[in-house]
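Presented below is the structure to which this report refers.
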Amino acid sequence: MKKGLKYGLFALLIIAAVSASLLCGCSNLREREETGVYINEAVSSNGGCYRDDAFGTPDWIELYNASPQEVDLGGWSLTDGSGAQNKFTFPEGSVIPASGYFCIICTDGAASGSENAASFGLSKYGETVTLFREDGSVAQRLVLPALERDISYARNGEGGYAYSFAPTFREKNGSFCETLAEAAAARDGGGGL
C-alpha cells in the first residue's frame, strides 16, 4: 500500500512539474506574441523605389509593430543569411511606435553613421533574414525568395507573404501578386492581380 501511495505521489509531482513548465512556456509564448513586431517587407534589389541621401538606393527591411504599445528595439538585432558576423544591433532608443514602422537600410558593407543602417546587403537571389530579441531568442526568421528590381516580399493582409510590385517604405503594404513573374509584369505596366 505504501508503495502505491509513493508512486501516486511521484506521478502527481511529475504531472505538476510538467504542467508548470507548460504554463510558463505558454506565458512566455504569449509575451513574445504581445510584442507584435515582425518583418513586414524587404527589398533586395532596389532600383529606385526608395532613395537614401547617404547610400543612394540601398536594400531595405521594414519592421512593423502590430501591438497597441510602442516597443523599444534597443538591443534587438537583425542578420542576413551569412551569419552572426553581419549582425545589426538596434541602438538604445530605437523605438517602433504602436501600429508603426521601422526601416533598416542595408548598406552592404558601406561605412555608416546612421543608426538605422546595417552593414550587410540582401541577396537578390534570396536568403534568410532573422530578427532576434534582446535576449537572443528568435523573434522571426523569414526566407526571402529571389527578387527582381523594385519588387518587395511583403506581408499581406492575411498574415502570409507575397510579392509586391509597389514597395511601400514605412507605409501599409499593397499591390500583391502570387508570383515573381506577375509582379515584374505589373511593375512594368502589364497589370497585376
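The values are calculated or read from the model by the stated rules, or taken from the named source; none is laboratory data. Computed from a prediction, not measured in an experiment: that's the story for all the values here. Every residue, glycine as well, gets a Cβ built from its backbone with ideal geometry; the counts of neighbours run over all protein chains shown. What goes into the accessible areas is simple: the full protein's heavy atoms, side chains included, and nothing from ligands, DNA or RNA. Shrake-Rupley method; radii C 1.70, N 1.55, O 1.52, S 1.80 Å.
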| remark: Residues of segment 119-160 being touching a residue at least 40 places away in the same chain (Cβ under 8 Å), open to solvent by 30 Å² or more (accessible area, probe 1.4 Å) and in contact with a Cys (Cβ under 9 Å, 6 or more places away or on another chain), in sequence order, are Arg149
| message | I'm trying to understand the selection: among the residues of segment 46-56, which are assigned to a loop (DSSP other than H, G, I, E, B) and not hydroxyl-bearing (Ser, Thr, Tyr)? | response | Asn46, Gly47, Gly48, Cys49, Arg51, Asp53, Ala54, Phe55
| query | In the list Gly109, Gly93, which residue meets the criterion of being out of contact with any Ser or Thr (no Cβ under 9 Å at 6 or more places or on another chain) and open to solvent by 40 Å² or more (accessible area, probe 1.4 Å)? | reply | Gly93
| message | Please count how many residues of segment 116-139 are under 20 Å from Thr57 (Cβ atoms) and modelled with pLDDT under 90. | response | 6
